[in-house]
Amino acid sequence: GLTAPIFNRRLLNRDFNQTLAQNRQALFTYQRTILNSFQEVLNGLKGIENYTKFYEQKQDEVQALNNAVSVANDLYLVGRASYLEIITAQRNVLDAKLELANTKKNIFINAINLYRAVGGGWK
């Protein structure tokens with residue numbers, strides 16, 4: 001009974017070293033998972049922040065372009081602008097509104113990704 005550990009020392013050392021290596025590998029995998037999770041959360045938060053700022057700027061742009069349409073209409077009524085200028089101003093408003101909608105979509109996508117990054121939405 002007592003001599004078995006002495007004769008099996010190499011096997012015991014090998015098993016111990018193998019277990020130690022597996023534990024280290026599990027620790028490194030855990031650390032990598034934690035770092036990736038933090039990065040995903042940070043990316044989600046930054047994405048929402050950036051797209052929200054961009055959305056606010058786009059709202060201001062839409063408002064300014066709506067004013068430009070109004071001015072173009074006024075100029076057209078007094079003969080100082082062509083109808084093409086009104087149409088161009090209206091097209092610019094529509095383009096800006098489309099960008100505004102896409103930006104809102106990106107805010108929602110980032111919010112969903114953030115929700116998933118913190119562990120939500122999985123069944």
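The values are calculated or read from the model by the stated rules, or taken from the named source; none is laboratory data. In this text, all values refer to a predicted model and were calculated from it rather than measured experimentally. Glycine gets a Cβ as well: all are built from the backbone with ideal geometry, and neighbour counts include every protein chain shown.
The residue list T52, T29, T19 contains one member that is in contact with a helix residue (DSSP H, G or I) (Cβ under 8 Å, 6 or more places away or on another chain), at pLDDT 95 or above and among the polar types (S, T, N, Q), which is T52.
Residue-by-condition table, conditions (1) among the hydrophobic types (A, V, I, L, M, F, W, C); (2) buried (at least 17 other Cβ atoms within 10 Å of the Cβ); (3) more than 34 Å from the chain's Cα centre (by Cα):
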site: L65; (1), (2), (3): yes, yes, no
site: L75; (1), (2), (3): yes, no, yes
site: R80; (1), (2), (3): no, no, yes
site: T88; (1), (2), (3): no, no, no
site: D95; (1), (2), (3): no, no, no
site: N102; (1), (2), (3): no, no, no
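To keep it simple, each residue is scored yes or no on (1) under 30 Å from N92 (Cβ atoms); (2) touching a Pro at 6+ places or on another chain (Cβ under 9 Å); (3) in contact (Cβ under 8 Å) with a residue 12 or more places away in the chain.
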{"site": "L12", "(1), (2), (3)": "no, yes, no"}
{"site": "R24", "(1), (2), (3)": "no, no, no"}
{"site": "G44", "(1), (2), (3)": "no, no, yes"}
{"site": "T52", "(1), (2), (3)": "yes, no, yes"}
{"site": "Y55", "(1), (2), (3)": "yes, no, yes"}
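The number of residues in segment 1-16 being exposed (fewer than 10 other Cβ atoms within 10 Å of the Cβ), part of a helix (DSSP H, G or I) and either of a type in the set (A, V, I, L, M) or modelled with pLDDT of 95 or more (or both) comes to 2.
When we screen N106, N92 for residues that are within 30 Å of N36 (Cα to Cα), in a helix (DSSP H, G or I) and not hydrophobic (A, V, I, L, M, F, W, C), the only hit is N106.
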